[in-house]
Amino acid sequence: MLSYGAYAAGRDRPGTNWVYTVRSSALLSDFFGSLALKRGLENGRISPSDAPEQVVGRVSIADQHDVEAALAAAASAARQWRKEPLKTRMRMVEEFRTLVLEKFEDIIDLMATEGHPRALARWEMTGLLANTGPQTRTWLESQMETTHIVGPRRMTIRRVADGVVCLNPPQNATVANSMLGVWALAAGNSLVVRAPVSAPLGVLHALHELVVPALERVGAPVGLLNIVCSDARKTLDHWLASPLVNDIMYFGASGKGIAFGAECVARGKKPVLELAGNDTVVVWHDADLDYAAEALAESFYGSGQVCMAPNRAVVHPRIADQLLDRLRLIAREIRPGYPEDPGVLLSPVLRPESYVSVLEQALAGGAELVCGGRRIDVDGRVDDIGLFLEPTVLRVHGLKGATDLDAVRYETFFPLLPVVVPEEAPDDELLSAVIDFVEKNAYGLRNSLWTRDKSVMDRFVTEVGNAGLLKVNDSHIGFLSLLPSHGGNGLTGGPGGEANYPMLRTSRLQGVSITDGIRPREAAFDALTEVETAQ
């Protein structure tokens, strides 16, 4: 089986307490037996040498000494790495991408073993390729440093690394979001990653297989990457208190995340927040309805437990019935199953009682159930205690009062898509109302539009300032080279939130002027030359 300790200063630090990973398919087939096996290994009643095939790996739980060692190693390496040329750091990203291509299926296999539906894992890994492609690298490199000759001076505007960056990935997409740390490294920072105790193996494996060798290939200093599997709250508190930490990348729910960001600022740390999304897809009357329905069905990837999945739709009343008919057919084909199955998109939902509450409130508030609404088992059979939920579509009548429903107002994080059908109105008036609805969303991750009308596209792109990413006639969740994959405003990114390029968010601007032979007394009044010339 795979076995990883905490990783600090370039070496493993095995502990005495371990968390074991049992194949999620085994858990789905025999939950209590697999759980007993896992607990027996973790409390020492079963020897690792006696572990059966369904146990695929283990990770040691870091203690306070491991957390401190990781920070000390990162602080030691940060200053040396920052001095390396930008070209070297960008070459590290290129090496990382090469390794992703080489080990693509291997990482996906392990993600599926931990419970990620294989199709979802493939989508996330494809995102790593898009976000580290040559166009993205070239553009970000151009943003990191530019030099101009102005009279007798050589002036440089550059971005300087913040220092030690700590990354706390979410439990629902640990591997892909841990890999965002590559861009923090490219900025010249060192990195500490906390692997969640609930699913640490994929994070440790991917970092060891993809990031460690990429750093080694460019001769990066030892201690630049450090990894701990540890309790979230204790580790975050340690990071907040440590004078060695500069930035914290935090993923989580909006309420806790914004409060945590405020705490970071109070402690002198820069927060980089990746919080909830409540994305809107607008479908106009002239849209390609087959394509639009496919885009709306992306709401059900991973059972909706993906922050950048569509969370609500606004559909022109003229084509609402046709679109809902198409969406109903697609939703019926989306099924649960074992995560290794490449056709499976649904994953278990751990708190189905929240789903029931939101659904009942919506129906009581006048929404109409289009399809779904039941719990199901791994085989797709209706089951009152099933771990999965049917893809559920609601029709919400009218923009007015739509946000009174929790299903529309908040990110729900389960496979429930409310489709808001506005009241009939002239198109110009209706478009203004729809844009206003999108703009008033308290979240700001992604928004998208389906239309063939260029004037509608132009108004949408010009007037919608909400969200870190806008897409027109495209996959809502698809990753694109050059464009940011994460980040947003409002409840998505907190104060100062925006589209997130981690290389830019974990660095800061600095201006440099170099000259020779200029008298300071004259240089202090350089701008007066323009006044004298004008006169």
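The values are calculated or read from the model by the stated rules, or taken from the named source; none is laboratory data. Predicted model, so just to flag it, every value in this text is computed and none were measured. Note that each Cβ is placed from the backbone with ideal geometry, even for glycine, and that neighbours are counted across all protein chains shown. All accessible areas refer to the heavy atoms of the entire protein, side chains included, with ligands and DNA or RNA removed. Shrake-Rupley method; radii C 1.70, N 1.55, O 1.52, S 1.80 Å.
Scan region 276-294 and give yes if some residue there is open to solvent by less than 20 Å² (accessible area, probe 1.4 Å) and within 30 Å of S76 (Cβ to Cβ), otherwise no.
No.
Filter region 77-95 for residues that are open to solvent by less than 50 Å² (accessible area, probe 1.4 Å) and more than 20 Å from the chain's Cα centre (by Cα) and give the result.
Keep residues of region 77-95 that are open to solvent by less than 50 Å² (accessible area, probe 1.4 Å), which gives 77-78, 81, 86, 88-90, 92-93, 95.
Hits for region 77-95 are A77, A78, W81, L86, T88, R89, M90, M92, E95.
Just to check your reading of the model, which residue among G257, G302, G261 is touching a Gly at 6+ places or on another chain (Cβ under 6 Å) and in a helix (DSSP H, G or I)?
Answer to the selection: G261.
Could you count how many residues in region 478-492 are touching a residue at least 40 places away in the same chain (Cβ under 8 Å) and either open to solvent by 60 Å² or more (accessible area, probe 1.4 Å) or part of a strand (DSSP E or B) (or both)?
Number satisfying all stated conditions: 6.
Restricting to region 452-471, name every residue that is under 14 Å from N441 (Cβ atoms) and under 23 Å from the mean Cα position of the chain (by Cα).
V464, G465, N466, A467, G468, L469, L470
Name, by its number, the condition in (1) open to solvent by less than 10 Å² (accessible area, probe 1.4 Å); (2) over 23 Å from N473 (Cβ atoms); (3) modelled with pLDDT under 95 that does not hold for G304.
(2)
Out of (1) open to solvent by 10 Å² or more (accessible area, probe 1.4 Å); (2) farther than 24 Å from N447 by Cα; (3) without any contact (Cβ under 8 Å) to a residue 60 or more places away in the chain; (4) not hydrophobic (A, V, I, L, M, F, W, C), what's the single condition that is false for D406?
The single condition D406 does not satisfy is (2).
Across region 83-139, which residue is nearest to N172 (Cα to Cα) among those that are assigned to a helix (DSSP H, G or I) and among the hydroxyl-bearing types (S, T, Y)?
T113
Only one residue in L2, L37, L41 is over 17 Å from H238 (Cβ atoms), without any contact (Cβ under 8 Å) to a residue 24 or more places away in the chain and touching a helix residue (DSSP H, G or I) at 6+ places or on another chain (Cβ under 7 Å). Which one? Give the derivation first.
On the way: L2 fails: without any contact (Cβ under 8 Å) to a residue 24 or more places away in the chain; L37 fails: touching a helix residue (DSSP H, G or I) at 6+ places or on another chain (Cβ under 7 Å).
L41 is the lone residue from the list that is over 17 Å from H238 (Cβ atoms), without any contact (Cβ under 8 Å) to a residue 24 or more places away in the chain and touching a helix residue (DSSP H, G or I) at 6+ places or on another chain (Cβ under 7 Å).
Of all residues in region 493-509, how many are assigned to a strand (DSSP E or B) and open to solvent by 40 Å² or more (accessible area, probe 1.4 Å)? Reasoning before the result, please.
Just the residues of region 493-509 that are assigned to a strand (DSSP E or B), to begin with: 499-500, 507-509.
Still in the list and also open to solvent by 40 Å² or more (accessible area, probe 1.4 Å): 508-509.
Total satisfying the criteria: 2.
Kindly indicate whether any position in region 205-215 is over 24 Å from F413 (Cβ atoms) and either of a type in the set (D, E) or in contact with a Cys (Cβ under 8 Å, 6 or more places away or on another chain) (or both).
Yes, the conditions are met somewhere in region 205-215.
Restricting to region 320-335, and then to whatever is among the aliphatic types (A, V, I, L, M) and out of contact with any strand residue (DSSP E or B) (no Cβ under 7 Å at 6 or more places or on another chain), can you tell me which residue is most open to solvent (accessible area, probe 1.4 Å)?
L329
Among the residues of region 458-477, which ones are surrounded by fewer than 15 Cβ atoms within 10 Å (Cβ to Cβ) and part of a loop (DSSP other than H, G, I, E, B)?
G465, D474, S475, listed by residue number.
Please go through region 392-426 and pick out each residue that is touching an Asp or Glu at 6+ places or on another chain (Cβ under 9 Å) and either within 23 Å of V461 (Cβ to Cβ) or in a loop (DSSP other than H, G, I, E, B) (or both).
Once the filter is applied, which keeps residues that are touching an Asp or Glu at 6+ places or on another chain (Cβ under 9 Å) and either within 23 Å of V461 (Cβ to Cβ) or in a loop (DSSP other than H, G, I, E, B) (or both), region 392-426 yields G398, L399, K400, E411, T412, P415.
Examine region 332-340 for a residue that is over 26 Å from A292 (Cβ atoms) and hydrophobic (A, V, I, L, M, F, W, C), and state whether such a residue exists.
no
Considering only region 96-132, how many residues are closer than 20 Å to P85 by Cα and open to solvent by less than 20 Å² (accessible area, probe 1.4 Å)?
Residues that pass the stated criteria total 2.
Starting from residues that are in a helix (DSSP H, G or I) and of a type in the set (D, E), keep the ones in region 10-57 and report whichever is surrounded by the most Cβ atoms within 10 Å (Cβ to Cβ).
Filtering region 10-57 down to residues in a helix (DSSP H, G or I) leaves 24-29, 31-42, 48-50.
Adding the requirement that they be of a type in the set (D, E) leaves 42, 50.
Numbers: E42: 15, D50: 9.
It comes out as E42.
With respect to G268, determine if the residue is in a loop (DSSP other than H, G, I, E, B), open to solvent by 10 Å² or more (accessible area, probe 1.4 Å) and at pLDDT 95 or above.
Yes: the conditions hold for G268.
Residues that are open to solvent by 10 Å² or more (accessible area, probe 1.4 Å): which helices (runs of 4 or more DSSP H) entirely in region 147-239 hold 2 or more of them?
Fully inside region 147-239 and qualifying: 174-178, 212-217.
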